[in-house]
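For reference, the structure discussed in these notes is given below.
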Amino acid sequence: MEKTTKVVDLEKVVIKFAGDSGDGMQLTGTQFTDTSALLGNDLATFPDYPAEIRAPQGTVAGVSGFQIHIGRIDINTPGDIADVLVAMNPAALKANKNWIKKGGTIIVNIDTFTKRDLEKAGYENSPLEDNSFEGYNIIEAPITKLTRESLKNSGLDGKSIGRSKNMFALGIVYWMFNRPMEQTEKFLKKKFAKKPEVVAANIKVMHDGYNFANTIEALPSSYTVLSANLKDGTYRNVMGNQALAWGLLAAAERANKELFLGSYPITPASDILHELAKHKNLGVKTFQAEDEIAGICSAIGASFAGSLSITTTSGPGLSLKGEGLGLAIMAELPLVLVNVQRGGPSTGLPTKTEQSDLMQALYGRNGESPAVVLASSTPANCFDWAYMAAKITLEHNTPVVLLSDGHLGNGAEPWKIKSTMDMPEINPNVDTEKGEYQPYLRDEKTLARKLALPGTKGKEHRLGGLEKEDVTGNVSYEPENHEIMCEIRAEKIQRISDLIPHQEIKGEKEGDLLVIGWGGTYGPLYSTVENLLKEDFMVGLCQFNYINPLPKNTADILKNYKKIVVCELNSGQFANYLRMNFQGTIFSQYNKLQGFPFTTSELEDHFKTLLSK
Amino acid sequence: MEHLTNKDFTSDQEVRWCPGCGDYTILRAMQKALPMLEKKKEDFVFISGIGCSSRFPYYMNTYGFHTIHGRAPAFATGVKLANPKLSVWQITGDGDALAIGGNHFIHALRRNININILLFNNEIYGLTKGQFSPTSKKGIKTKSNPHGTTDEPFSISDLAIGSQGSFFARVVDTNPKLMQKIFVEAEEHEGTSLIEILQNCVIFNDKTFTDITNKDVKLDAQLFLEDGKAMIFGAEKNKGIILNGFKLEVVTVGENGITEEDILVHDAKEKDPTLQAMLARMRPPEFPAALGIIRAVERPTFDEGLLSQLEYEKENAKFKTVDELLNSGDTWTIEG
């Protein structure tokens, strides 16, 4: 008989699933996410996994985590620290000990707190038996043992049984938060369609976990998080990389262009390649090249031949693509270069987030080679910014660098599904009229040249990386011509600012403190500014998506505040860029280089200090 | 179809190679070969990297793209995949293709993308003024290795065959007739067609191929391979190639009981590349250099593979539009 337990309604809650990288924590977290999304919660998620595929089992280096923040209020970040931690082994507990709220609930798989596993995690004694976690609500669940017990008659081998224990943990958490299990059952039936015994086993284990939580006295109450007050419409859950790929697909369809992706696998950008590779049905051509350079070069070749061309990468790949990008700038061909930033320099922190490629995106090429630079700022708006990147590149015939980051790319949130017809129209700038063709003849207003695609009669011409003569595009070493061409290439980018919307401000339009961010830091910056506004502080948030060119009203915004703080996950690249563009304005900085996003609490502390001075 | 002549393929740009450079002959041979192909002028695309040879596209009145050093195969791949109807020609040199661009070169051959690669091999860097290249003969003294190179040169044919190349031909820059014939056959071959052109650099590596091309020796130093024909060569047309054990050997018909029957007959279509590789490796003075189409085998092309997948997926797709994709999977609706 089901016990009656007090159900407590929560505004929001942060849950973290952590275990060995082979424990299936990403899948467990994703299932909890999908179920919560279907219940109408607003949410944000973030997976945190090691760079190694299978780091030594049981060690802190091998811990894989998945954090989810759900709420019935507006959720903008995956949460600073967890209210509930599921730790599948001692290493998972150790890795997350500073990321769990004081007094929070920790569910541990007690079967793994053996001498051997404790040693692997670097514990001499069990942290559960000293005072390390005093004041926390520790639930010691014998997950391994009960999973084995649950499946002893399933006919599955020991290894397969062992692999099901994440479902036991998921069952416990489903009970804690009053979630139905149908969504996960449906998922399991589909995923293991050819192995009904595996489906049955996983469902049974999940139910046993659920019932275990219901039975034990350790859990004082179960919680519920009601539906968020989201706007009417049809929603789905999207990850940043997926949304970005879909934005490109939508742009290709609206532009009536074939989409071509030339790419080389790299963390954390590969999922864009994977997503686009699935959609050959929509006419997408994906080319997994032999290296990063061939990725961008094949894309430029396809662009020359008329495709909407994309290349995707992360930090080290951006370095390799520099020369190719310079050629696309010189040849004035459309190209979207997506850089999903990660920690650097060099190989750096492949699975962690950072915003330290900004200067490279803006200036990391030989010669004066200006590129349009855009940045997406939430997982869902990766769709919109990918679309805009494609629109700008096709209409202006100049490459666009789109900056995302590991946190956005792997993060997920509900997305109110857009229709491609809601997106602005795209008019590729191609010469389709009969008559003479001058490759470098420009539109007077935008300075963009027109393309002529191979296969078009009478418009044969040669492009190349050597300096071009204005209008004809012939090779030219003339001193004056080179200067004119350098000016035109720069001016052409600046003129895009005539066409983009004005920069928006969240919060106070004038006041004591302007918080400036760009790209993926929007979630924590917005949440923090909202909190301060509730306390009647005169603060505003200015989150940039257009980096080059900057929106035209930027200078006006800066004048309206007593203090300005530029917050970024690097040591001040955007702050310096602003200093260069707006000399005389004083920009203070708040920077973090830990591979993790800002927490709202650290931001709030810093902003309050600034406001009190 | 409009009848085209070599003039249609000549651009208005002044040709700026050194006087006496082998590149001029190649350019003229190409301008004469293209009208022989039943194709429209606007469907030809010339892609090059960096180097003397890579200026070639500027002199062709076709679509062209002078790209960056070593990467031309990647650009050419992108062009071909984006529009498979185009006839795509990559122009490259030994430095561009085999040093900085070695990776792209082998991968193009491995994939068998349907493009033609003209590799101008002069065994030297010309545009950077005379450094040794990956095909320079070992020991050659250059500005960048005044005491003689200690590098072993690449064997282009072995590299091509090792990369699963489906078409390999060789020609000398003094033989425009053979060039034209090979260019036409290269275009007709489905897959990556690699043509090595032994090209003389008059400034930095003059006479490096005279052991093959000199008038006094060429009849004995060149073997023209023709599919189905015996490998006979020499001033007297009485020399031939036989396989003796594991090795090739030059013999004279009529001596030591050798008859024409004993001479190897060329088979460019044989998929096993062993003999073709051995022939391609031959060099004077012991052997004549093999010229002509050494290997031309059928193998599925990369572009056809991609296109057929695309067609299959389009026909069997769950979604035909992006909107259908966006609305697929788990969604939920909120109504006020």
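The values are calculated or read from the model by the stated rules, or taken from the named source; none is laboratory data. This structure is a prediction, so every number in the text was calculated from the model and none was measured. Glycine gets a Cβ as well: all are built from the backbone with ideal geometry, and neighbour counts include every protein chain shown.
The set of residues in segment B:13-67 being away from every other protein chain (no Cβ under 14 Å) and charged (D, E, K, R) consists of B:Asp23, B:Arg28, B:Lys32, B:Glu38. Failed condition for A:Asp422, given (1) out of contact with any Asp or Glu (no Cβ under 8 Å at 6 or more places or on another chain); (2) within 30 Å of B:Asp330 (Cβ to Cβ); (3) more than 14 Å from chain B (Cβ to nearest Cβ), with all others met? Every listed condition holds for A:Asp422 apart from (3). Among the residues of segment B:87-96, at least one is in contact with a Pro (Cβ under 8 Å, 6 or more places away or on another chain), surrounded by 22 or more Cβ atoms within 10 Å (Cβ to Cβ) and not in a strand (DSSP E or B). Within segment A:423-459, the set of residues being farther than 17 Å from A:Ala389 by Cβ, at pLDDT 95 or above and of a type in the set (D, E, K, R) comprises A:Asp431, A:Arg442, A:Asp443, A:Glu444, A:Lys445, A:Arg449, A:Lys450, A:Lys457, A:Lys459. When A:Ala61 is tested against (1) outside any loop (DSSP other than H, G, I, E, B); (2) surrounded by 22 or more Cβ atoms within 10 Å (Cβ to Cβ); (3) not charged (D, E, K, R), only condition (2) is not met.
Screening A:Ala92 on (1) surrounded by fewer than 23 Cβ atoms within 10 Å (Cβ to Cβ); (2) over 25 Å from A:Gly520 (Cβ atoms) shows it passes everything except condition (1).
Where strands (runs of 3 or more DSSP E) fall wholly inside segment A:159-268, the ranges with 1 or more residues that are under 29 Å from the mean Cα position of the chain (by Cα) and within 14 Å of another protein chain (Cβ to nearest Cβ) are A:233-239, A:259-263. So for segment B:179-192 (the condition being of a type outside the set (Lys, Arg) and under 17 Å from B:Phe287 (Cα atoms)), does at least one residue qualify? No, every residue in segment B:179-192 fails to be of a type outside the set (Lys, Arg) and under 17 Å from B:Phe287 (Cα atoms).
A:Leu402 passes every criterion in (1) buried (at least 24 other Cβ atoms within 10 Å of the Cβ); (2) part of a helix (DSSP H, G or I) apart from (2).
Looking only at segment B:301-315, which residues are among the hydrophobic types (A, V, I, L, M, F, W, C) and facing chain A (nearest Cβ under 7 Å)?
Answer for segment B:301-315, where residues must be among the hydrophobic types (A, V, I, L, M, F, W, C) and facing chain A (nearest Cβ under 7 Å): B:Leu306, B:Leu310.
Would you tally the residues in segment B:285-308 being in a loop (DSSP other than H, G, I, E, B) and closer than 30 Å to B:Leu219 by Cα? So the count comes out to 5. Could you run through segment A:141-174 and say how many residues are free of Cβ contacts under 8 Å to residues at least 60 places away in the same chain and surrounded by fewer than 21 Cβ atoms within 10 Å (Cβ to Cβ)? Total meeting the criteria: 16. Of all residues in segment A:290-345, those satisfying the criterion of being more than 20 Å from B:Asn83 (Cα to Cα), facing chain B (nearest Cβ under 9 Å) and in contact with a helix residue (DSSP H, G or I) (Cβ under 9 Å, 6 or more places away or on another chain) are A:Glu290, A:Asp291, A:Ile293, A:Glu323, A:Gly324, A:Leu327.
With the condition kept exactly as written, say whether any residue in segment A:79-89 is surrounded by fewer than 17 Cβ atoms within 10 Å (Cβ to Cβ), charged (D, E, K, R) and either in contact with a Pro (Cβ under 8 Å, 6 or more places away or on another chain) or part of a loop (DSSP other than H, G, I, E, B) (or both).
no
Given the structure, is A:Tyr437 among the aromatic types (Phe, Trp, Tyr), within 14 Å of another protein chain (Cβ to nearest Cβ) and buried (at least 19 other Cβ atoms within 10 Å of the Cβ)? The answer is no for A:Tyr437. Scanning segment A:269-289 for residues that are over 27 Å from B:Ile47 (Cα atoms), within 7 Å of another protein chain (Cβ to nearest Cβ) and either surrounded by 22 or more Cβ atoms within 10 Å (Cβ to Cβ) or touching a Pro at 6+ places or on another chain (Cβ under 9 Å) (or both) yields one hit, A:Leu282.
Filtering segment A:463-483 to residues that are at the interface with chain B (Cβ under 7 Å from one of its Cβ atoms), in a strand (DSSP E or B) and touching a residue at least 12 places away in the same chain (Cβ under 8 Å) leaves A:Leu463, A:Gly464. Within segment B:310-328, is there a residue that is within 17 Å of the chain's Cα centre (by Cα) and surrounded by fewer than 16 Cβ atoms within 10 Å (Cβ to Cβ)? No, segment B:310-328 has no match at all.
When A:Gly595, A:Gly584 are screened for being touching a strand residue (DSSP E or B) at 6+ places or on another chain (Cβ under 6 Å) and in a loop (DSSP other than H, G, I, E, B), only A:Gly595 passes. When segment B:316-336 is limited to residues that are under 18 Å from A:Thr286 (Cα atoms) and assigned to a helix (DSSP H, G or I), the one that is farthest from the other protein chains (Cβ to nearest Cβ) turns out to be B:Leu325. When A:Thr599, A:Thr528 are screened for being among the β-branched types (Val, Ile, Thr), out of contact with any Phe, Trp or Tyr (no Cβ under 9 Å at 6 or more places or on another chain) and outside the structural domain of A:Val401 (by TED's automatic domain parsing), only A:Thr599 passes. Check whether at least one residue in segment A:317-332 is crowded, with 24+ Cβ neighbours inside 10 Å, at pLDDT 95 or above, in contact with a strand residue (DSSP E or B) (Cβ under 9 Å, 6 or more places away or on another chain) and among the acidic types (Asp, Glu), and report yes or no. The answer is yes; a qualifying residue exists.
Of all the residues in segment A:552-571, those that are surrounded by fewer than 16 Cβ atoms within 10 Å (Cβ to Cβ) and not charged (D, E, K, R) number 4. Annotation: A:Thr600 fulfils all but one of (1) in contact with a His (Cβ under 8 Å, 6 or more places away or on another chain); (2) β-branched (Val, Ile, Thr); (3) touching a residue at least 60 places away in the same chain (Cβ under 8 Å); the unmet one is (1). Answer yes or no as to whether A:Asp111 is in the same structural domain as A:Asp23 (by TED's automatic domain parsing), outside any loop (DSSP other than H, G, I, E, B) and touching a Lys or Arg at 6+ places or on another chain (Cβ under 8 Å). Considered against the rule, which asks whether it is in the same structural domain as A:Asp23 (by TED's automatic domain parsing), outside any loop (DSSP other than H, G, I, E, B) and touching a Lys or Arg at 6+ places or on another chain (Cβ under 8 Å), A:Asp111 comes out as yes.
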